[in-house]
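Input: a single structure, listed below in structure tokens.
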Amino acid sequence: MLASLEGYSDSVFRTLCYNHGADLTFTEMAHVGSFLRRNRMSLERIEPRDSTPVQIQLLSGNEGRLDRFLSGFKPFNGFMGFNLNLSCPSTDVIRQGKGAAMVKRAAKTARLVSTIRDHGHPVSVKISLGLNGYEKENRLYLNNLGGVDPNFFVVHAKHAAQSSSEMEDNFVYPECVDAARGIPVIANGGIETPETVRSLMEMGVGGVMMGRSAMGNPAIFVLMKNELGINDPPKPVPTVIELKREYDGIYEAIGGSEEYRSRFLKVARNDRSRY
């Protein structure tokens, strides 16, 4: 899966990654309140431009507002449900009681999930390991995994107080899989090599989500699948020049942001020896 990437994962980038092996993509994160206020930038993030499979990632802590938004929402071709973000480490988001602040609030999360299900939509839940080391050590994240019933969980194996340079704790996945009671657990964070994926699969996860590695190489998904034997026979892997050319073709076909395009062209690399 392609993770939600602020400033990168617009419709053009999602389609490029889908074309090269991503099974599911996610919009950038957006507040439900922004949709209710008809905020232009937020609405553009969920505007359907093509049929690439996508879940809309939401920040929400209020069932009433979520219900009002869903009452006016119309699914589009490619819509695969909603993703509740319980992992965002932003202090502003946490101050509002959303994002990683929701990890320990299993009952509230369950009500949000039920609200989405009541409207007939699939739903996933993305969680971190809590707000801080204390919440992680006390395994509060297991309350959500054990008390909420989405279609799947995404677990980012860090707590919100950790920096981007700190390592993920992949050793939490076996207990996460056990706590989830058969609901698939998708691993997220620092996944860059086939060896890491093999290790995670041995722990019982149902799949992996990649973000930062896809920014530099949107073909990371087909590379992984080739290496892991999922693609049999292996599929062609495009060069960075081909990826940039394809990005421009999608951009012209469905429309996009020049700011996002410029950002992509700067980070895309031509190093097929790296994952």
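Show me 103-110, 177-184, 16-23 ranked by packing, highest mean number of other Cβ atoms within 10 Å first.
Highest mean packing first, the order is 16-23, 103-110, 177-184.
Probe radius 1.4 Å, ligands and nucleic acids ignored: give me the carbon and sulfur share of the accessible area of the stretch 1-85 as a rounded percent.
45
Can you pick out the pairs among 74/104; 74/98; 104/126; 98/126 whose Cα atoms lie more than 20 Å from each other?
74/104; 74/98
Among the lysines, which have Cα under 27 Å from the Cα of residue 235 when same-chain residues fewer than 8 positions away are ignored?
Leaving aside lysines fewer than 8 places away in the same chain, those within reach of residue 235 are 225, 244, 266.
At 1.4 Å probe size, with every protein chain present, just tell me what the per residue accessible area of the stretch 122-173 comes to in Å².
42
About the Cα centre, and with charges only on the beta carbon of Lys, Arg (+1) and Asp, Glu (-1), how big is the dipole of the chain? Nearest 20 debye, please.
720
Using a 7 Å offset from the Cα along the Cα-to-Cβ direction at both residue 198 and residue 231, what is the distance between the two label points in nm, to one decimal?
Those two pseudo-labels are separated by 1.9 nm.
Along Cα→Cβ, 7 Å out, is where each label goes; now give me the distance between the ones at residue 96 and residue 43 in nm to one decimal.
According to this spin-label approximation, the distance is 1.8 nm.
Would you mind pulling out the separation of the Cα centroids of the stretch 68-127 and the stretch 175-239, in Å?
24
So for the pair residue 68, residue 132, with labels modelled 7 Å out along Cα→Cβ, what separation do we get in nm?
3.4
The values are calculated or read from the model by the stated rules, or taken from the named source; none is laboratory data. Only a predicted model underlies this, so the values are computations on that prediction, with no experimental measurement involved. Glycine gets a Cβ as well: all are built from the backbone with ideal geometry, and neighbour counts include every protein chain shown. Just the protein is used for accessible areas: all its heavy atoms, side chains included, with ligands, DNA and RNA removed. Shrake-Rupley method; radii C 1.70, N 1.55, O 1.52, S 1.80 Å.
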